Structures are given as C-alpha cells and as structure tokens.
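Notes for the one structure printed next.
The values are calculated or read from the model by the stated rules, or taken from the named source; none is laboratory data. Owing to the predicted nature of the structure, the values given are computational and were not obtained by experimental measurement. Cβ coordinates were reconstructed from backbone atoms using ideal geometry, including for glycine residues, and neighbour counts include every protein chain displayed.
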Ligand SMILES: Cc1cc2nc3c(=O)[nH]c(=O)nc-3n(C[C@H](O)[C@H](O)[C@H](O)COP(=O)(O)OP(=O)(O)OC[C@H]3O[C@@H](n4cnc5c(N)ncnc54)[C@H](O)[C@@H]3O)c2cc1C
C-alpha cells in the first residue's frame, strides 16, 4: 500500500544524527518521515550511567541548543570538560587545552548516547510535522514520477521507499542516517572504503583515587591509546583502543588485574583505579563512502563516514552534516528551487565530504604515528606535541578544529 501523500524528506535511521536531522528539518517547515527499525530504550535517571558516551564539541552543543533539546540533556546528566591533556608514554612531549584560554566555560560535554537519542526522540514525538514510523525497515527504493500530488514544489520525480511489511512511502528526498552498516547505502550501490584497524575499543566506567578535574585525558601508548573522560559523578569513562589480541587479553582479565593494568597504563595520573564496571568492546575501523549523494538521496552521519574514536569526533562530524544539509535544503526552498535537485545536494556533498575525509585521515595518521613504538617516530611525535603546545596559533588551530 502506498500512502497518497508525498513527504518532503524521509530520514531513515533515528539514531542521534537521523533524529537531529528530522527535528531540524521539521522546525524549518519541511514535512518529514522518520523511519527507525527499533525504538530506542528510554533513558532513566535511576539507571547506571550507560557505557556508551560521547564527547560533544561546542558545535554539537550549538546544534542541540538550536533544536531546544540541550536544556533537558544538560539538566539530566552531562559532564562539562574544561581541560584536555594529551601525552605520550614513550616521549616527554605533551599538549594541553584549557577552556579558559578560549574564553569559554567548557571545551565540551560528556553525555550518554542513549540520553541524547532519547531527548531527540521525545522532541520528535512532540513534532506534528514528523511522521515517525517505528518499527519499520526499508527493503527497496527507486525513483518514480512525482505525480499530481507534488504541485507545491517543482520536482519532476521523487523516491519511493518499500518497507518489509509491504507498505510504501514517497519522498522528494531520502536521507540515510542508518549507521555504519547502512543498508540504504548498499541499496543505492554506493561503495565505501574501509580500513580495519584490527583494534577494539574497550569501554568501562572507573573510579580513581584522585579527582578528574573536569579534564579529558588521552595517553598514547605503544600500539594503543587510552582516554579518560570525566563523568558527572566523579568517575571517568575510559576508551582503551588496543590491537585485537591485546584487547582480548585485557577483556579476559579479572577485575583486580584489569584495574591494576589500567592504572599503570594511565601512568597513575589519577592514582590507583579503585573500582570498574563490567567492560564492553567495539571493533574499530575507518569507513568512508565514495559519494554522499545519488538521485534524490543523501548520506549523513556514520552511514557516510566512520572514524577512529581517538579524537572523539564521530557524532560531532555527523551533527555538522545535519546542520549543513538542513541549511542547504532550506536555502533552496526559500529560493523556491527544487531542494532535492542534484545541483543542490552537490553543495552539501562538496562542503561535508572533504571536511569529513580530512578529519578521518588526520585521525588515521595520528593513530598510525602514535601506534608505532619505533624510536624515531616516537621522538618525532613527542617533538610534535611539544611544538603544538608551545606555538599559540597552531594550538588555537587544533583547539578550534576540536571544537568544530
Ligand atoms: C568506542 C567508541 C567511542 C566513541 N566515542 C565518541 C566520542 O567521544 N565522540 C563522538 O563524537 N563520537 C564517538 N564515537 C562515534 C559515535 O558513537 C558515532 O559516530 C555515532 O553513534 C553515530 O551516530 P549515527 O546516528 O550516525 O548512527 P547510529 O548510532 O548507528 O544510528 C543508526 C540508527 O539507524 C537505525 N537503523 C539501522 N538500520 C536501519 C534500517 N535499515 N532501517 C531503519 N533504521 C535503521 C538504527 O537502529 C539506529 O537507531 C565513538 C564510537 C565508538 C565505537
């Protein structure tokens, strides 16, 4: 069964990126369908802090503020980080950023993915311009003539989505926000280039002897990176990215042995690790889509780019896709142009694909440079950290880049 009406934009995937895009577009006057295969588990204050957290940069907070969801997230459970400290196990070089140097009260916030998604989901449910379809799964898509119902905007064609329950939906534009393994990207035949880091990111929340000082810490180890992100309850959320075999060994350790190894790997910067939650682990890879657009189609978020988590930028890049795409579409609409025309979508692709690729390759280069224990490379990176730390404009460049 095909619904009679045509929506402006169908967003497939209501993760953090897709839900933010649907909300942004609806608030700009677009009729939106948001399609999600499974409803997110609700966030509840009484639950333990979820293991999946992200470091949100200033640009992401700006987007969430504009969408009116930041106040509910900030009042629920968000932890400001005011400083960043990066240092290397093999060399004396180190690098530090302070919010105060930027005239800001915080460099960013550590927030549970689940809380961000849940706040966006609730805002979506309150938006009458969003037709939320969940659970629903797209199985096919094709370009069709727009038909008579399309009189409002001059667009000769639209995209038809077919769902696994036999229903269909027409949209002037379909945006895939269905994550790293995007089924839509596959259906459109868009290739993606992968680099399997053969690493896993181990995550856990840990307590330590000393206060975290609202600081995001990152230590580069031979062939591994270790981040401590400050949580509001005084604990830290760790991401320990290590080669697969080493990650398997760390995951198999009993609690006391893991805490002891973690404390040593972190150079006891926050003292001994006194408690740790059970650990989870995620395979790490870089994946970049060859194209971001196709006729009446665009990719955003992890569906378009997956990056190494060492710089904590994955969803921040996705939120920048959201702001750019929503801006490009609404500008075209104000000009009464066909917002889903290829020329318009190409503006989005041009602006975002290069930025995302530069970021992904920079994280990749850092990962490789810091992943080496060859003494010449170690000396070079120590000197590099010290250099960036000492040269104010260079440091400001990196601070602004990290803040988005
Ligand atoms: C260990 C680790 C640490 C990280 N730390 C950070 C950090 O500090 N900062 C940061 O910015 N990023 C970080 N990231 C990256 C960040 O988690 C991702 O970039 C982000 O979750 C991607 O969001 P998304 O909405 O694009 O995709 P997803 O979160 O994958 O959402 C996709 C959505 O689409 C739905 N879906 C999938 N297929 C279909 C379908 N066929 N039909 C309908 N719906 C579908 C899914 O159910 C899901 O809801 C980290 C990642 C890892 C692994």
Would you point out which residue out of 17, 32, 54 is crowded, with 20+ Cβ neighbours inside 10 Å, closer than 27 Å to residue 240 by Cβ and in contact with a strand residue (DSSP E or B) (Cβ under 8 Å, 6 or more places away or on another chain)? 54
For region 266-285: of the residues being part of a strand (DSSP E or B) and more than 12 Å from the ligand (Cβ to nearest atom), which is surrounded by the fewest Cβ atoms within 10 Å (Cβ to Cβ)? 275
Tell me which residues, restricted to region 23-63, are assigned to a helix (DSSP H, G or I), within 20 Å of residue 330 (Cα to Cα) and more than 11 Å from the ligand (Cβ to nearest atom). 23, 24, 25, 26, 27, 62, 63
Restricted to region 158-179 and to residues being within 10 Å of the ligand (Cβ to nearest atom) and in a loop (DSSP other than H, G, I, E, B), the residue farthest from residue 298 (Cα to Cα) is 164
Across region 6-19, what is the total count of residues that are touching a helix residue (DSSP H, G or I) at 6+ places or on another chain (Cβ under 6 Å) and more than 8 Å from the ligand (Cβ to nearest atom)? 3
Whichever residue in region 203-228 is touching a helix residue (DSSP H, G or I) at 6+ places or on another chain (Cβ under 6 Å) and within 16 Å of the ligand (Cβ to nearest atom) and, among such residues, is modelled with the highest pLDDT: 226
Name the pairs: first residue in region 101-116 and over 18 Å from residue 316 (Cα atoms), second residue modelled with pLDDT of 95 or more and in a strand (DSSP E or B), Cβ to Cβ under 9 Å, at least 6 apart or on different chains? 105/80
Name, by its number, the condition in (1) outside any loop (DSSP other than H, G, I, E, B); (2) at pLDDT 85 or above; (3) surrounded by fewer than 22 Cβ atoms within 10 Å (Cβ to Cβ) that does not hold for residue 104. (1)
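Yes or no, residue by residue, for (1) within 14 Å of the ligand (Cβ to nearest atom); (2) outside any helix (DSSP H, G or I):
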residue: 316; (1), (2): yes, no
residue: 319; (1), (2): yes, no
residue: 322; (1), (2): yes, no
residue: 327; (1), (2): no, no
residue: 333; (1), (2): no, no
residue: 339; (1), (2): no, yes
residue: 344; (1), (2): no, no
residue: 351; (1), (2): no, no
residue: 354; (1), (2): no, no
Could you check how many residues of region 180-202 are near the ligand (Cβ under 9 Å from one of its atoms), under 24 Å from residue 242 (Cβ atoms) and buried (at least 19 other Cβ atoms within 10 Å of the Cβ)? 3
Just need a number here: residues in region 217-234 that are within 13 Å of residue 111 (Cα to Cα) and crowded, with 23+ Cβ neighbours inside 10 Å. 2
Would you confirm whether any residue within region 73-95 is without any contact (Cβ under 8 Å) to a residue 24 or more places away in the chain, within 16 Å of the ligand (Cβ to nearest atom), out of contact with any strand residue (DSSP E or B) (no Cβ under 8 Å at 6 or more places or on another chain) and not assigned by TED's automatic domain parsing to the domain that holds residue 315? no
For region 336-350, does any single residue satisfy the condition of being within 26 Å of residue 216 (Cβ to Cβ) and surrounded by fewer than 24 Cβ atoms within 10 Å (Cβ to Cβ)? no
Taking only region 292-339 into account, find how many residues are out of contact with any helix residue (DSSP H, G or I) (no Cβ under 9 Å at 6 or more places or on another chain) and at negative phi. 3
If we keep only residues of region 68-101 that are within 20 Å of the chain's Cα centre (by Cα) and crowded, with 18+ Cβ neighbours inside 10 Å, then the residue farthest from residue 267 (Cα to Cα) is 69
